[in-house]
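Structure first, commentary second.
The values are calculated or read from the model by the stated rules, or taken from the named source; none is laboratory data. None of these values were measured; they are calculated from a predicted model. So basically every Cβ, Gly included, is an ideal-geometry build from the backbone, and we count neighbours across all protein chains shown.
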Amino acid sequence: HLIMGINLTMPSMIGIVGLAGVVVNDGLIMLDFIKKCKNVECVIKMAKFRLRPILLTSITTILGLSSLIFFASGQSLILQPMAVTLGFGIAWATIINLYIVPLLYSSIYKIR
């Protein structure tokens, strides 16, 4: 919100709730694929296998929200804070889900 110069409002809070659902869903899908792995090579292979579907889903969502984020006018200004929260949040959460989740899974379950 600071980058875009938008105040934190109630639609922003609703966007945070929606973002939490998307992030948890992406993380669970990633964990579901890598939980069968017994070595690091398998974890890397499964993470790469999920890379394209997760990236495509996230990119299409961000592109769909981009018109509302950058070109809001009239009554759509009310929803702009929610779109900013969802768009930037999904961008960061995708990176975290793709890299941090497999790394944490490997270290917690001591997969070598």
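Going by the structure shown, is Phe88 farther than 21 Å from Ala20 by Cβ, modelled with pLDDT of 90 or more and not acidic (Asp, Glu)?
Criteria not met by Phe88.
Quick check on my filter: what residues within the range 91-109 are farther than 18 Å from Ile16 by Cα, of a type in the set (Phe, Trp, Tyr) and in a helix (DSSP H, G or I)?
Tyr99, Tyr105
Scanning the range 59-85 for residues that are of a type in the set (A, V, I, L, M, F, W, C) and in contact with a Pro (Cβ under 7 Å, 6 or more places away or on another chain), which turns out modelled with the highest pLDDT?
Per the criteria, the residue is Met82.
Out of the range 43-82, which residues are touching a residue at least 40 places away in the same chain (Cβ under 8 Å) and not in a helix (DSSP H, G or I)?
Leu79
From Ile44, Ile62, grab the single residue that is more than 17 Å from the chain's Cα centre (by Cα), under 26 Å from Val101 (Cβ atoms) and not acidic (Asp, Glu).
Ile44
Considering each of Gly27, Gly18 in turn, give the residue that is over 18 Å from Leu98 (Cα atoms), touching a helix residue (DSSP H, G or I) at 6+ places or on another chain (Cβ under 7 Å) and touching a residue at least 60 places away in the same chain (Cβ under 8 Å).
After ruling out the rest, the residue left standing is Gly18.
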